[in-house]
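Okay, structure first, notes after.
Nothing in this text is a laboratory measurement; each read-out follows from the coordinates by a stated rule. Just so it is clear, the model here is predicted, and its values are computed rather than measured. Reconstructed Cβ throughout: ideal geometry from the backbone, glycine too, with neighbour counts over all protein chains shown.
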């Protein structure tokens with residue numbers, strides 16, 4: 001029983017990593033747009049794609065935690 005609780009906590013912890021990653025990526029995107037405003041469309045596209053992939057890992061962790 002105790003081991004299952006630890007496993008759930010580790011699985012949910014993937015959300016922390018995704019949050020940190022998305023935060024860092026957003027900060028870098030803001031820096032990039034401030035340096036080259038004319039490239040904001042391309043930067044935004046890449047940022048959204050990266051954020052979606054990072055968030056998918058957090059969702060997978062949540063699903064695993066719920067399955068446990």
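In segment 32-43, of all residues being surrounded by 10 or more Cβ atoms within 10 Å (Cβ to Cβ) and part of a helix (DSSP H, G or I), the one that is nearest to the chain's Cα centre (by Cα) corresponds to 43. Can you tell me which residues in segment 7-33 are free of Cβ contacts under 8 Å to residues at least 12 places away in the same chain and touching a helix residue (DSSP H, G or I) at 6+ places or on another chain (Cβ under 6 Å)? Correct list: 32, 33.
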